[in-house]
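K.L.:
One structure, as structure tokens, below. Some questions next.
The values are calculated or read from the model by the stated rules, or taken from the named source; none is laboratory data. As the structure is a computational prediction, the values presented were derived from the model and not from experiment. Cβ placement follows ideal geometry from the backbone for every residue including glycine, while neighbour counts extend to all protein chains displayed. The protein model used for the area step is the full one, side chains on, heavy atoms only, and it has no ligands, DNA or RNA in it. Shrake-Rupley method; radii C 1.70, N 1.55, O 1.52, S 1.80 Å.
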Amino acid sequence: MVYPFILNGIIILYVSVAGGYAFAKAIKTKPEREVAWRVVHSGGSMAGTMLIALGAAWNFIKLGVYEKPIGWSLIVSTYLMIAGMFLAAMTGKRGLHSSSKGIEKIIYWLYASGGILCTLALTALLIGVIIQ
């Protein structure tokens, strides 16, 4: 699981760099989108760094048969949340309510499913670290 964490962490960092370019452009041309692109840039940077850090520590965490499901849940949840951030920044929508329609509903479910999956995986990871 070390390689997938590091590889996907680097891919997410690339996405955050793309968000940084869009952030710089938004500062000059679309100030109303500046905050959304800042979230893509900073959130993506933090998410990519988190995956790389998990990759560095992964061999020290013993999760047995749960190692791959927990690891891939963390990676997939990161992509879901980054996709939500990117889509929100591109469209100017926020996706704050489950009752939203159209693209806002998609953004909402990207955030919600990513957040739930990440929370479950981190809870399992914490339990695994505590009981080892």
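K.L.:
Val65 fails exactly one of the following numbered conditions: (1) touching a helix residue (DSSP H, G or I) at 6+ places or on another chain (Cβ under 9 Å); (2) surrounded by fewer than 17 Cβ atoms within 10 Å (Cβ to Cβ). What is the number of that condition?
P.N.:
Every condition holds for Val65 apart from (1).
K.L.:
Tell me which residues, restricted to the range 18-40, are open to solvent by 70 Å² or more (accessible area, probe 1.4 Å), in a helix (DSSP H, G or I) and closer than 17 Å to Met85 by Cβ.
P.N.:
Start the filter on the range 18-40 by keeping residues that are open to solvent by 70 Å² or more (accessible area, probe 1.4 Å), which leaves 21, 25, 27-32, 35, 38.
Restricting the remaining residues to those that are in a helix (DSSP H, G or I) gives 21, 25, 27-29, 31-32, 35, 38.
Selection gives Tyr21, Lys25, Glu32, Val35, Arg38.
K.L.:
With within 10 Å of the chain's Cα centre (by Cα) and of a type in the set (A, V, I, L, M, F, W, C) as the only criterion, which of Ala57, Ala83 stands out?
P.N.:
Ala83
K.L.:
Give the range 77-120 a look and list any residue that's in contact (Cβ under 8 Å) with a residue 40 or more places away in the chain, surrounded by 16 or more Cβ atoms within 10 Å (Cβ to Cβ) and of a type in the set (Gly, Ala, Ser), or say none.
P.N.:
Ser77, Ala88, Ala89
K.L.:
I've got another one for you. On the basis of being crowded, with 20+ Cβ neighbours inside 10 Å and either under 18 Å from Leu110 (Cα atoms) or without any contact (Cβ under 8 Å) to a residue 40 or more places away in the chain (or both), does Leu74 make the cut?
P.N.:
Numbers: crowded, with 20+ Cβ neighbours inside 10 Å: yes; either under 18 Å from Leu110 (Cα atoms) or without any contact (Cβ under 8 Å) to a residue 40 or more places away in the chain (or both): yes.
Yes.
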